[in-house]
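Asks: The structure is given below, and queries will be raised subsequently.
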Amino acid sequence: MVRSHGKRAKSSSRQKDAIQAAIDWGIDVSMLSDNIRRSYAERIRRHQIALDTVDKLRKAKHR
Amino acid sequence: MSDFSKLLERLVAGGVDFVIVGGFAGVVHGCTYVTQDIDICCDFSPANLLRLQQALAELHPVHRMTPSRKKLALTEKTCKQLKNLYLDTDIGQLDCLSSIDGLGDYRKVKQASQLIDVEDMQLHALRLDALIESKKALSRPRDKEAILQLEAIRKLKSEKRSHPQQPAI
């Protein structure tokens, strides 16, 4: 039992580190947090908007 | 201009058996980066690949890795020689893979997938844990940020499950 608790605690601490590791890398975790509250369809729709913007900027650069 | 929703709609309408994997699966799970293509793992049986070809037919699919961008023209015989297909279409790039590092063949990938509702479609996408596993198996420096985002998302989701009605600060 003790061993199993230890394992859980270790896993939890590893997961806690996941947030800090993302922040340390420069990832805006609040944006991830906002995103996971959205539906799958909304995440895909917003990605499409971002992709369209990237395409437009790329084309403008080559004009 | 790419339109990933329309590309996926075509595959679903065409009865193609596939699972969304790679960077776009990360987007489905909440990653904030922008990806230029859709990666799918699919059943590489001739019947399924011919359905895929039919589903994309009006989008002028070509093999984007060939110098002359050869038109996609699969036959039952040529399907049997394929392991991956790297395509470009009028509405975006589509990479079709027969297996995924760290997970295995299509059957195993499908077992590691979840069904998601996107408007009127039901799609199979790789589950978060399996996606992290597959990205780690590739050991590519360019996946580092994706893995960090996915692991942070896993943590945020587990916190949300533990405190489902936490008031906003």
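Asks: Considering region B:9-60 alone, what residues qualify as being within 13 Å of chain A (Cβ to nearest Cβ) and over 25 Å from B:ILE132 (Cβ atoms)?
Replies: If the condition is that a residue be within 13 Å of chain A (Cβ to nearest Cβ) and over 25 Å from B:ILE132 (Cβ atoms), then B:GLU9 is the only one that fits.
Asks: Across region B:146-162, which residue is nearest to the other protein chains (Cβ to nearest Cβ) among those that are of a type in the set (Gly, Ala, Ser) and under 18 Å from B:VAL34 (Cα atoms)?
Replies: Going through region B:146-162, the residues of a type in the set (Gly, Ala, Ser) turn out to be B:146, B:152, B:158, B:162.
In the following step, the residues that additionally are under 18 Å from B:VAL34 (Cα atoms) were identified as B:146, B:152.
Numbers: B:ALA146: 10, B:ALA152: 4 Å.
Within region B:146-162, the match that is nearest to the other protein chains (Cβ to nearest Cβ) is B:ALA152.
Asks: Pick from region B:78-125 the residues that are closer than 17 Å to B:ASN48 by Cα and touching a Pro at 6+ places or on another chain (Cβ under 8 Å): which of them is farthest from the other protein chains (Cβ to nearest Cβ)?
Replies: Here the answer is B:LYS80.
Asks: Further, regarding this structure: Within the set of pairs 6+ apart or on separate chains, which have a first residue in region B:3-28 that is among the polar types (S, T, N, Q), a second that is surrounded by fewer than 23 Cβ atoms within 10 Å (Cβ to Cβ), and C-beta atoms under 7 Å apart?
Replies: These pairs meet every condition: B:SER5/A:ILE44; B:SER5/A:GLN48.
Asks: Determine which member of the set B:VAL34, B:VAL16 is at pLDDT 95 or above, assigned to a loop (DSSP other than H, G, I, E, B), β-branched (Val, Ile, Thr) and surrounded by fewer than 19 Cβ atoms within 10 Å (Cβ to Cβ).
Replies: B:VAL34
Asks: Still on this structure: Return the pair list, or none, for Cβ contacts closer than 7 Å from residues in region B:99-112 that are aliphatic (A, V, I, L, M) to residues that are in a helix (DSSP H, G or I) and at pLDDT 95 or above, at least 6 apart or on different chains.
Replies: B:ILE100/B:VAL109; B:ILE100/B:SER134; B:LEU103/B:VAL109; B:LEU103/B:ALA130; B:LEU103/B:GLU133; B:LEU103/B:SER134; B:ALA112/B:ALA130
Asks: Check region B:129-141 and report whether any residue there is modelled with pLDDT under 95 and more than 22 Å from B:GLN36 (Cα to Cα).
Replies: Checked region B:129-141: no residue is modelled with pLDDT under 95 and more than 22 Å from B:GLN36 (Cα to Cα).
The values are calculated or read from the model by the stated rules, or taken from the named source; none is laboratory data. Quick caveat: nothing in here was measured; it's all calculated off a predicted structure. Reconstructed Cβ throughout: ideal geometry from the backbone, glycine too, with neighbour counts over all protein chains shown.
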